[in-house]
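Please read the structure below before turning to the comments.
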Amino acid sequence: MLALGRAATVGAFSAPALSLRLATKTKTKTKTNVHKQAQTDVRLLLRNLDKLAQNSMTLVRTPPAAVGRATREVTGQQQTVRRFHKSAGGNSRYSASTIMTSYHKELLLKDYGIVGFDLDGTLLRYNLHEMSALIYQVLKQFLVEQKGYDRDLLLQSLNLDFLQKGLFLDGPRGNVLKLSSEAQILRATHGTRLLSDTEIQAIYGRDRRWEITTAFYRDPLSTWNGDASTQMRSLLDYFDMPSALVFAQAVDLVDRGKKPSAGEEYQVWQDVQAGLMNIYSRENFANDQSLYFKSMRAEPERFVLRTDPSVMNWLGELRKSGKKLFLLTGSNVDFANLTATQALGKDWRKYFDFVVTYAKKPGFFTMQRPFMQVDVEKLAELPQEADNIKAGEVYSQGNWHQLHTAMAGMLQKKPSEAKALYFGDNIIQDVYTPVKHRDFDAVAIAEELLLEDGKYPYAAELDSQLWGPYFALDCTPTLWSSFISSYAQLCVPTVEQVAQTAPDKRIVCHNPYGFSPRLPKELETVQLKSCWRG
């Protein structure tokens with residue numbers, strides 16, 4: 001998850017006065033930019049299971065080819081096929097556990113010597129009803145008490161239908177955006193008001209694009225810090241979701257309180273950003289400066305769900321089978337201990353060979369930060385670097401290269417021979433970055449897959465009628481469904497689903513995109529285009 005007890009990964013900000021910029025309206029006639037793509041009923045491809053199995057075996061026997069992308073004709077259409085890819089050093093870019101044909105993906109856990117897990121939203125889940133309400137209220141209170149916003153903001157109600165993971169904030173314009181798989185703006189609001197197609201094109205042009213979100217689409221890490229982070233925010237997890245509504249309602253207040261002036265920009269995002277940094281900064285867990293942390297410490301059982309015992313049993317089975325397990329979380333050690341104890345039990349550390357806290361993802365995978373020693377009694381990071389990391393210890397910060405080398409040594413293998421798999425819910429931090437920039441494979445966690453069973457208790461928080469489905473809108477896949485298909489081995493609603501499979505058994509996903517146990521209904525008739533770039 002983004003940040004719980006951790007330093008925010010957003011860029012620097014100033015504290016300017018409230019101002020705004022209104023986009024100039026034009027009279028250009030437009031029509032909805034929804035591309036009706038050729039419809040492919042994936043279920044038709046599943047009728048002959050024998051043929052699927054034969055096709056799978058054929059691909060296994062085929063020698064790895066030095067190619068990152070391949071295409072194959074399916075019912076007259078081009079569809080991306082991820083095959084084995086050899087790097088210059090001769091190591092397989094994708095493990096043999098991924099067998100992707102035009103029909104399905106598969107995952108074989110025994111092919112991995114190293115398995116890692118995110119904590120928040122992965123090994124533990126949250127009561128999204130309680131948590132969303134808490135974050136929403138705390139952020140509003142910060143804006144009023146610390147940034148001088150009108151107290152009318154506190155009177156605004158929590159409109160759950162406005163919430164959705166994966167939205168983007170256009171700070172200078174005061175807009176909230178939902179993007180397609182190719183970064184076109186599918187829907188948008190100004191404040192809380194839904195914009196028409198004509199208004200979207202008047203603001204962003206006939207192609208419905210914003211240069212900063214287009215840059216994110218091409219390379220998400222290019223917008224992580226610096227100037228782009230002061231203008232745009234991608235809401236990557238459930239801890240970010242409520243900030244969209246607070247941002248939008250604050251923009252509404254600014255619009256009501258000040259006469260528009262052409263050429264001015266809103267500063268609401270910088271103030272919301274400061275609020276996020278305040279409530280999630282790790283220093284504020286111990287000093288009670290964060291109302292969010294104070295509430296979590298007082299009633300962890302109210303916000304953190306107990307992890308099903310089958311998951312802990314499965315972790316034990318993975319270790320008994322010879323795998324080395326690690327927990328990698330952005331949470332500081334004190335907050336991680338609070339939530340992990342509530343979800344996994346007091347002895348939660350016993351399930352892992354290594355525990356790394358305050359990991360500062362995605363930088364953990366791309367940078368060479370040193371590992372810092374941790375006082376597990378005081379639950380605090382020490383000012384001493386760890387020269388050599390040892391199994392059974394807890395560390396802070398760090399980097400993947402050093403951790404990978406240590407676990408490979410435990411397996412008595414070279415790092416290039418020790419294949420790693422990582423489970424996480426943040427598509428950029430936990431899936432895209434380790435797969436694109438390092439030698440991982442990844443499994444994406446998306447609770448949105450639970451909406452179809454009709455019994456999911458947090459449907460009000462995740463099933464937005466305003467924004468439409470998370471995976472696709474009007475036959476157009478979203479940016480996130482495309483990223484998941486391109487970079488994740490599988491996408492599952494919870495770790496509990498994978499925990500039903502023994503370490504030596506194959507997990508078969510009967511669709512080409514990796515969504516398991518079934519393809520979301522929004523994608524059944526969509527030709528999902530891969531954004532994989534090799």
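Nothing in this text is a laboratory measurement; each read-out follows from the coordinates by a stated rule. Given the structure is predicted, the values throughout are model-derived calculations rather than measurements. All Cβ positions, glycine included, derive from the backbone under ideal geometry; neighbour counts span all protein chains shown.
Can you tally the net charge around Gln465? Count Lys and Arg as +1, Asp and Glu as -1, for every other residue whose Cβ sits under 15 Å from the Cβ of Gln465.
Values: positive: Lys178, Arg187; negative: Asp161, Glu448, Glu461, Asp463, Asp474, Glu522.
So the surrounding residues net to -4.
Which of the peptides 493-500, 143-150 is most tightly packed, and how do the rest follow, judged by the mean count of other Cβ atoms within 10 Å per residue? Walk me through the numbers on the way to the answer.
On the way: 493-500: 18.4, 143-150: 16.1.
Packing proxy ranking, top to bottom: 493-500, 143-150.
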Extend 7 Å from the Cα of Glu130 along its Cα-to-C-beta direction; within region 303-343, residues with backbone N under 15 Å of that point are 303-307, 338-343
Note to self: C-alpha centroids of region 377-439 and region 466-534 sit apart, in Å, by 26
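How high is the FRET efficiency from Met410 to Arg151, r the C-beta distance, R0 41 Å, rounded to 0.05? Can you show the working numbers first?
Values: r = 57 Å, r/R0 = 1.39.
The pair Met410/Arg151 has a calculated efficiency of 0.10.
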Neighbours of Leu153 by Cβ distance under 14 Å: Lys/Arg at +1, Asp/Glu at -1, summed charge -2
Sorted on mean Cβ neighbours within 10 Å (highest first), peptides 294-304, 440-450, 425-435 come out as 425-435, 440-450, 294-304
Expressed in nanometres to one decimal, the distance between label points 7 Å along Cα→Cβ at Thr341 and Thr198 is 6.0
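Report the local net charge at Ala499: Lys and Arg +1, Asp and Glu -1, summed over other residues whose C-beta lies under 12 Å from its C-beta. List each step's numbers first, then the result.
Details: positive: Lys505; negative: Asp308, Glu317, Glu496.
Net charge in that neighbourhood comes out at -2.
Given Lys140/Lys294; Lys294/Lys455; Lys323/Lys350; Lys361/Lys413; Lys323/Lys413, which pairs have Cα atoms separated by over 21 Å?
Details: Lys140/Lys294 16 Å; Lys294/Lys455 31 Å; Lys323/Lys350 14 Å; Lys361/Lys413 26 Å; Lys323/Lys413 12 Å.
Over 21 Å Cα-Cα: Lys294/Lys455; Lys361/Lys413.
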Checking rank on 207-219, 466-478, with mean other Cβ inside 10 Å and highest first, the result is 466-478, 207-219
Hits in region 165-180: amide N under 16 Å from the 7 Å Cα→Cβ extension of Asp207, namely 180
